[in-house]
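Report on the structure given below.
The values are calculated or read from the model by the stated rules, or taken from the named source; none is laboratory data. Nothing here was measured: the structure is a model prediction, and the numbers come from that model. Here the Cβ positions follow ideal geometry from the backbone for every residue, glycine too, while neighbour counts run over all protein chains shown. Note: areas computed on protein heavy atoms with side chains; ligands, DNA, RNA excluded. Shrake-Rupley method; radii C 1.70, N 1.55, O 1.52, S 1.80 Å.
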Amino acid sequence: MKREIYIRVTEAAEYIRATGATVRVCAKRFGVSKTTIHKDMRERLKEISPALYEEVARVLAKNKAERHIRGGEATREKYQKTSQGA
């Protein structure tokens, strides 16, 4: 594995573990695609650090379980803004 990839994977994993960030937020922070972050966390990280992989997997599972709530909140805020402007 290239050194740059190794560094990106470990830094992104530490960021997700420390902040609880979603894949989308992490991808934006590191300037790569969501697909890249997902592949890094699901495949590459397991080879690099199995212990860190387990911690990150828990955070990603929590984020996945909560995503319907975040989507509902975003929709509610969107319609509150449009009704206030009318």
Revision key, fill the gap. Over the stretch 5-24, the set of residues at pLDDT 95 or above and open to solvent by 50 Å² or more (accessible area, probe 1.4 Å) is TYR6, ILE7, ARG8, GLU11, GLU14, TYR15, ARG17, ALA18, THR19
Revision key, fill the gap. Taking the stretch 25-56 and the residues there that are of a type in the set (Lys, Arg) and open to solvent by 80 Å² or more (accessible area, probe 1.4 Å), the one that is farthest from HIS68 (Cα to Cα) would be LYS46
Revision key, fill the gap. Flagged pairs (Cβ under 8 angstrom, 6 or more apart or on separate chains; first in the stretch 30-47, free of Cβ contacts under 8 Å to residues at least 24 places away in the same chain; second assigned to a helix (DSSP H, G or I) and of a type in the set (Phe, Trp, Tyr)) are PHE30/TYR15; LYS46/TYR53
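From the list THR75, THR35, THR19, THR82, exactly one residue is more than 22 Å from MET1 (Cα to Cα) and under 12 Å from the mean Cα position of the chain (by Cα). Which is it?
On the way: THR75 fails: under 12 Å from the mean Cα position of the chain (by Cα); THR35 fails: more than 22 Å from MET1 (Cα to Cα); THR82 fails: under 12 Å from the mean Cα position of the chain (by Cα).
Testing whether each residue is more than 22 Å from MET1 (Cα to Cα) and under 12 Å from the mean Cα position of the chain (by Cα) leaves just THR19.
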